[in-house]
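Comments concern the structure below.
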Amino acid sequence: MTSTDPTAGSPGGSPANASVAAPDETVPPRARVFSGMKPTDGVLHLGNYLGALRGWVAHQDERDSVFCVVDLHALTIPEAVDPAELRSTTRAIAALYFACGLDPERNVVFVQSHLTEHAECTWILNCVTPLGWLHRMTQFKAQAEARESVGSGLLTYPVLQAADILLYDTEVVPVGEDQVQHIELTRDIAVRFNRLFGDTFVLPRAVVPKAAARVMGLDDPLAKMSKSIAAERAGHAIGLLDSPAVLKKAIMSAVTDSGRETRFEHASPGVRNLLTIYQVLADAKVEQVEERFAGEGYGTLKKAVLEVVVETLTPIQARDAELMRDPAELDAILARGAEQARAMAAPTLARVKAAVGVGA
Ligand code: AMP
Ligand code: TRP
């Protein structure tokens with residue numbers, strides 16, 4: 001699809017990659033960090049963990065961080081929304097954040113819809129976002145192609161995401177590779193707003209993990225591991241709450257090839273995916289991984305992956321089960337988080353409204 005807005009022009013700001021930190025780049029201490037995940041299709045998978053959550057947790061001490069369960073984003077595919085389920089999944093995703101190690105004492109953790117500021121800011125940002133920019137988003141294009149009818153919320157999805165980020169004066173957005181285009185768009189929207197209405201927004205940039213920024217499906221290593229495919233096909237994803245038996249079945253039947261190539265560069269996509277998962281979870285170097293599996297069949301690699309996955313997920317699952325036993329306590333934590341988030345977002349929204357000349 002092409003731009004239908006003659007005033008759109010090209011996104012302002014810098015060339016595409018300038019807003020993405022080099023993977024290895026260290027983030028300055030106490031940079032404001034913001035990220036979030038959608039509470040769709042049940043639980044999270046290893047891609048969510050390695051691409052995003054693990055990075056959030058790793059830096060929670062050095063940074064001033066805000067993490068959100070973005071339930072309003074879940075409404076963009078309304079056919080898929082079951083209201084009661086959305087509410088319970090939202091809580092379950094928050095529990096998983098904590099189970100994976102996010103500490104609510106050291107971070108602000110909240111649910112997007114518990115504040116009105118995100119939706120309100122989105123309206124104002126919608127008005128400065130050229131339609132052409134939104135039509136170019138690859139996630140929108142893929143989602144729109146797969147459906148007969150598309151709500152306008154699906155098109156403006158990244159504008160809500162921009163509001164999420166910009167309301168917190170965010171500098172750094174840790175995400176998997178598939179979100180980089182949305183963060184670049186956020187930056188472009190901020191640049192355009194600042195040009196039109198004066199300096200209002202801090203310009204954010206994406207930070208993606210050095211390895212495993214794009215974990216692939218076990219059953220189809222050419223497709224990104226995704227929640228929606230996981231909901232339809234057993235054996236696609238490694239679910240963070242999967243039992244050891246389910247994990248065994250999925251990992252041992254992961255697609256590989258008929259050879260024995262275990263060097264990252266020469267391996268087929270399925271084998272490279274397994275090598276990467278192993279490398280990151282075992283906290284090993286590329287050379288160490290290649291040395292360990294050299295000359296071995298893929299069965300050995302799969303067993304090692306299974307072992308390190310189970311080792312990683314067992315304590316997460318135990319903490320999650322404990323947290324889910326007390327929904328009232330989870331709700332209380334999220335209510336506190338919403339209060340803290342509001343205290344940060346409200347002044348930014350007031351600044352935005354003052355800049356455009358609306359509000360009391
Ligand atoms: P989503 O599942 O789309 O809500 O994504 C939540 C976060 O997980 C985002 O930061 C994504 O970039 C990241 N993510 C999702 N799928 C993958 C994947 N297969 N590999 C790496 N990161 C992922
Ligand atoms: N669009 C993101 C995803 O699908 C989720 C998201 C919404 C997000 N708002 C955000 C991620 C703000 C980072 C920052 O994964």
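The values are calculated or read from the model by the stated rules, or taken from the named source; none is laboratory data. The structure presented is a predicted model; accordingly, all values stated were derived computationally and were not measured. Methodologically, a virtual Cβ is constructed for each residue, glycine included, from the backbone with ideal geometry; neighbour enumeration extends over all protein chains shown. Remember, those area values only see protein heavy atoms, side chains included, never the ligands or the DNA or RNA. Shrake-Rupley method; radii C 1.70, N 1.55, O 1.52, S 1.80 Å.
List of remarks:
- One residue stands out among those in the stretch 253-281 that are in contact (Cβ under 8 Å) with a residue 12 or more places away in the chain and either over 17 Å from Met216 (Cβ atoms) or among the charged types (D, E, K, R) (or both): the one that is least open to solvent (accessible area, probe 1.4 Å), which is Asp257.
- Selection count where residues are more than 12 Å from ligand 1 (Cβ to nearest atom) and open to solvent by less than 10 Å² (accessible area, probe 1.4 Å), scope the stretch 224-238: 0
- Test set (1) in contact (Cβ under 8 Å) with a residue 60 or more places away in the chain; (2) open to solvent by less than 20 Å² (accessible area, probe 1.4 Å); (3) closer than 30 Å to Val352 by Cα - Met137 fails condition number: (1)
- Qualifying residue in the stretch 223-243 (condition: over 29 Å from His59 (Cα atoms), out of contact with any His (no Cβ under 6 Å at 6 or more places or on another chain) and touching a residue at least 40 places away in the same chain (Cβ under 8 Å)): yes
- Meets criteria (among the charged types (D, E, K, R) and closer than 30 Å to Glu290 by Cβ) for Asp188: no
- The stretch 110-121, residues that are under 19 Å from the mean Cα position of the chain (by Cα) and over 11 Å from Ala335 (Cβ atoms): Gln112, Ser113, His118
- Whichever residue in the stretch 202-223 is farther than 30 Å from Gly270 by Cβ, open to solvent by 20 Å² or more (accessible area, probe 1.4 Å) and touching a helix residue (DSSP H, G or I) at 6+ places or on another chain (Cβ under 6 Å) and, among such residues, is farthest from ligand 1 (Cβ to nearest atom): Leu203
- Selected residue (criterion: least open to solvent (accessible area, probe 1.4 Å)) from residues of the stretch 160-201 that are more than 10 Å from ligand 2 (Cβ to nearest atom) and over 22 Å from Leu134 (Cβ atoms): Val172
- When Val305, Val286 are screened for being over 30 Å from Gln161 (Cβ atoms), crowded, with 20+ Cβ neighbours inside 10 Å and among the β-branched types (Val, Ile, Thr), only Val305 passes.
- Subset of the stretch 124-146 (residues that are among the hydrophobic types (A, V, I, L, M, F, W, C) and out of contact with any helix residue (DSSP H, G or I) (no Cβ under 9 Å at 6 or more places or on another chain)): Ala142, Ala146
- Odd one out for Ala58 among (1) open to solvent by less than 10 Å² (accessible area, probe 1.4 Å); (2) closer than 22 Å to Ile277 by Cα: (1)
- Residue match in the stretch 321-335 (condition: outside any helix (DSSP H, G or I) and either assigned by TED's automatic domain parsing to the domain that holds Arg260 or not polar (S, T, N, Q) (or both)): yes
- Filter result (in a strand (DSSP E or B) and either of a type in the set (Gly, Ala, Ser) or within 14 Å of ligand 2 (Cβ to nearest atom) (or both)) within the stretch 203-221: Arg205, Ala206, Val207
- Each residue in the stretch 289-302 was checked for being open to solvent by 40 Å² or more (accessible area, probe 1.4 Å) and of a type outside the set (Ser, Thr, Tyr), and 6 pass.
- Any pair with Cβ under 6 angstrom, 6 or more apart, that starts in the stretch 195-214 at a residue that is at positive phi and ends at one that is β-branched (Val, Ile, Thr) and surrounded by 16 or more Cβ atoms within 10 Å (Cβ to Cβ): Ala212/Thr276; Ala212/Val280
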